[in-house]
Amino acid sequence: MKPVRLFGDPFATCGASSALRSVLEWCDERGFRPSLCLSPIQPSLGQGDGTIVLGDDAPRPLEDSAISPKLRALIETAAHTALPSTAPVVVFAPQRWRQDMVALAGLEWPKACAVLVGGVDSPEATLTRVEGELRWAGTEDPAICSDLDQLEAWADLPSPPANGPVLHVGSGDPSAGTDVAIRAFFAACNDSQRTLRIVLPKDSAVAAARFASLVNETFGTTALQRVEFVLADLAPEHAADCAAALLPLRRLFAGESLAQLLASGRPVVATRYHATAPALAAPSVCVPVGGAITMGQDGLPWCEPDLKNVIAALKHALSDAEKAKVIGQRARAHALAELSADRPAAPPKRMQKPRTRPVVALEAPFFEVSSSSELSIDTARALARRGNVELKLVPSGSFRHGLDALRERAPGLESLLSRDPGDVDLWLSTGWPPRVDRPSCRTFASRIDWEYGALPTDLSPLVISEADAVVVHSRHVERTVADAGCSADRIVRIPHGVDGAVFCEDGPADAELVAWKGDLPMVLFVGGMVFRKGFDVLVRMALEATRRGAKFALCLKAVGHDQHYAGYHMEDLAKRLASIPGAPPVRILDADVSREKLASIYRAADLLVHPYRGEGFGLPVLEARACGVPVLVTSGGATDDFAFGRGCVGIPSTRRAIELGGAHMGEPWLLEPDGEAASALLAQCIQQLQQLKAAAREEAPAVRAAHTWEAAAEAIERLALGEQSNARRVSKKTTLSAL
């Protein structure tokens, strides 16, 4: 069957949607296997009618009386069909949105062999054009892959049972990490009767006996009853009753098996380093294990899995059957999209002109509304203004907002978006989780923003040795990365900046907030209403300061409540605060706002309070200072880099160990602000507000001058220029042959 991805809204009443439905009905007759991509459905475009549920899993069509049951079944099937990411894409959109939709389709599916416009001719003619593109494209094999029909056989397995065995695919030599798998299994599953199934090659009886002796000598004779050895080629029936797969690989010895196990729908616990990253790089498709690059017994390098990380990862994979299913579903879709052999070939690399400037690719979630997105947009603006590098923007993450939203937030950057930036001098990847597979570049820089004092072990060896440079934005994170073992010459600290033309004291204050607060001073909080940001501490401060006689209004500018902090923010606590007799007036702002609007909110405030427990930088504190607003902020963390001097009041804090899931390169910790001292300081700040405000306004120009996006852009330019001639380049071929 020939693959084709249909990109559009099948439920709208416009001609483009009608054409999409017609092509879908013709696919089977012409021998096509269609997949339906529903991401272009956006309420802002007015295309959808509420009949599509978009979620983390595959979208599900709902009842729609205007569409026949037969066609609805076709849509349902296509919406759940996974195809190779290189399949041709046909875009169906009304003419006024067509250009944007074609651009978005290309950005969302950058490996697609072709992006075509549908609805301009008959269904038969459209599919004929697709056939032509498939013939022209040819085929290719990913570095780690399996035949599509084999992947589909694995994908037909039912959901993993909660209490099934753990499956390990081993070999007679140390490359598969079978010894690590045995030790991790008995450590993670010591309190259960779960079994370990070890599949070895047919001629591995000697190896099986050796591993049985390891079990007997280490865990006792009775432990052998919980280990099953299977000497056979790996097949779907070996995984059918299993709850998870365990692959603590030292070297990639069976890439086909890795692809098949990902397609099985079981959570795969696997060592993730540059040999396996081509299969494991997508977010949340496995439970990753870190390790250290070292020399094997044969004198060749391998990645030694961190045993504590393997144990923690296996426990995590087995702890929640529903979460395990979600990981398995993502892995299954990823395997079918990225790891199928003989898939259509991605577009060839374009010929590049001789370079007069270094080429910089900035990878970030540009179509989200998040701190990573906003900071990357400001960085891109500064780099584009300076003109010293050829800049290419590579979108990552979800396409939550379309091109119109990006144009509004970042005029002029649309032309820099790139499906494939080619071979670049510097690739700077930002966003969480970090990119773990090396792109085509001379220098690969990974931006790390971590608040908990000790990095997750699964970020090794990426942070420790694989990325050429690790970019951080505060001394706090710099120390964290250094403590993880990254050498000082590979850590580059590039502080964030502020747009001084927007975030300044001389500008309009938000008129609605000014009217709302009346004669009361306004205390402002900007950030997620979550534990890490100290939101519960803020509530205590507000109540206690009021009890001490302080009079003020409290404005809460929530960030990320419907995205990154969804499900665990404390908005209910904020609402309860507003209902307590004698509490200060509370105003909650939870809508996304422009930078200009945010600056006006700062200027309406009399004091910013940020009693955080953990921050990688703390941009709201810097923005408030740039606007001439005094700040009351936790001492001892990342904000110490810029929250000092006149107009700044520090909240005493102590370091506190914290338990996080998984294994870490040290003990994770947060800062615990002193709640009693913070409350007293808030009351004191309200009493001394006029002096604090005067001092903060006087300091604002110096704050803006010391923290500019131009300085950040200049540091990135130096990184690109300094690494052009001597950066190490690790090609895919070298990586896979050496490891």
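The values are calculated or read from the model by the stated rules, or taken from the named source; none is laboratory data. Note that the structure is a prediction, hence the values are computed from the model and not measured. Counting neighbours? That spans all protein chains shown, and the Cβs are built from the backbone with ideal geometry, glycine included.
I need a count of the residues in segment 415-445 that are acidic (D, E) and out of contact with any helix residue (DSSP H, G or I) (no Cβ under 6 Å at 6 or more places or on another chain).
Matching residues across segment 415-445 total 2.
Would you mind stating whether A702 is under 30 Å from E544 (Cβ atoms) and modelled with pLDDT of 95 or more?
no
So how many residues does segment 244-266 have that are aliphatic (A, V, I, L, M), under 22 Å from S159 (Cβ atoms) and out of contact with any helix residue (DSSP H, G or I) (no Cβ under 6 Å at 6 or more places or on another chain)?
Result for segment 244-266: 2.
For segment 678-700, name all the residues that are exposed (fewer than 15 other Cβ atoms within 10 Å of the Cβ) and either in the same structural domain as A188 (by TED's automatic domain parsing) or assigned to a helix (DSSP H, G or I) (or both). So that I can check it myself, show each step before the final result.
So in segment 678-700, the residues exposed (fewer than 15 other Cβ atoms within 10 Å of the Cβ) come out as 687-688, 690-691, 694, 698.
Result: Q687, Q690, Q691, A694, E698.
What helices (runs of 4 or more DSSP H) lie completely within segment 561-658 and have 2 or more residues being within 27 Å of the chain's Cα centre (by Cα) and touching a residue at least 12 places away in the same chain (Cβ under 8 Å)?
Filter on segment 561-658 gives 595-604, 619-626.
Look at R493 and say whether it is among the charged types (D, E, K, R) and in contact with a Pro (Cβ under 7 Å, 6 or more places away or on another chain).
no
Residue-wise test of (1) part of a loop (DSSP other than H, G, I, E, B); (2) among the polar types (S, T, N, Q); (3) not assigned by TED's automatic domain parsing to the domain that holds E596.
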site: V369; (1), (2), (3): yes, no, yes
site: S373; (1), (2), (3): no, yes, yes
site: R381; (1), (2), (3): no, no, yes
site: A384; (1), (2), (3): no, no, yes
site: K392; (1), (2), (3): no, no, yes
site: H401; (1), (2), (3): yes, no, yes
site: P421; (1), (2), (3): yes, no, yes
site: G431; (1), (2), (3): yes, no, yes
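Only residues that are more than 18 Å from A279 (Cβ to Cβ) and basic (K, R): list them for segment 306-331, please.
K308, K315, K323, K325
Could you list, in sequence order, all residues of segment 324-356 that are charged (D, E, K, R) and free of Cβ contacts under 8 Å to residues at least 12 places away in the same chain?
If the condition is that a residue be charged (D, E, K, R) and free of Cβ contacts under 8 Å to residues at least 12 places away in the same chain, then K353 is the only one that fits.
Looking at A87 and the list (1) touching a strand residue (DSSP E or B) at 6+ places or on another chain (Cβ under 7 Å); (2) hydrophobic (A, V, I, L, M, F, W, C); (3) at pLDDT below 90; (4) under 28 Å from L134 (Cα atoms), which single condition is not satisfied?
(3) is the only condition that A87 fails.
Could you give every pair whose Cβ atoms fall below 6 Å, whose first residue belongs to segment 372-384 and is farther than 15 Å from H707 by Cβ, and whose second residue is modelled with pLDDT of 95 or more and in a helix (DSSP H, G or I), counting only separations of at least 6 or pairs across chains?
Note: pairs meeting the criteria are L383/A713.
Residue check: is E478 without any contact (Cβ under 8 Å) to a residue 24 or more places away in the chain, outside the structural domain of K533 (by TED's automatic domain parsing), crowded, with 18+ Cβ neighbours inside 10 Å and of a type in the set (D, E, K, R)?
It is true that E478 is without any contact (Cβ under 8 Å) to a residue 24 or more places away in the chain, outside the structural domain of K533 (by TED's automatic domain parsing), crowded, with 18+ Cβ neighbours inside 10 Å and of a type in the set (D, E, K, R).
Quickly run through segment 404-415 and pick out the residues that are crowded, with 19+ Cβ neighbours inside 10 Å and not in a loop (DSSP other than H, G, I, E, B).
L406
E451: part of a strand (DSSP E or B) and either crowded, with 21+ Cβ neighbours inside 10 Å or of a type in the set (F, W, Y) (or both), yes or no? Spell out how you get there, then give the answer.
Values: part of a strand (DSSP E or B): no; either crowded, with 21+ Cβ neighbours inside 10 Å or of a type in the set (F, W, Y) (or both): yes.
In short, no.
Here is a check on your reading of the model: is A317 of a type in the set (A, V, I, L, M, F, W, C), buried (at least 22 other Cβ atoms within 10 Å of the Cβ) and in a helix (DSSP H, G or I)?
yes
In segment 506-531, which residue that is at pLDDT 95 or above and part of a loop (DSSP other than H, G, I, E, B) is surrounded by the most Cβ atoms within 10 Å (Cβ to Cβ)?
Across segment 506-531, the extreme among qualifying residues is D510.
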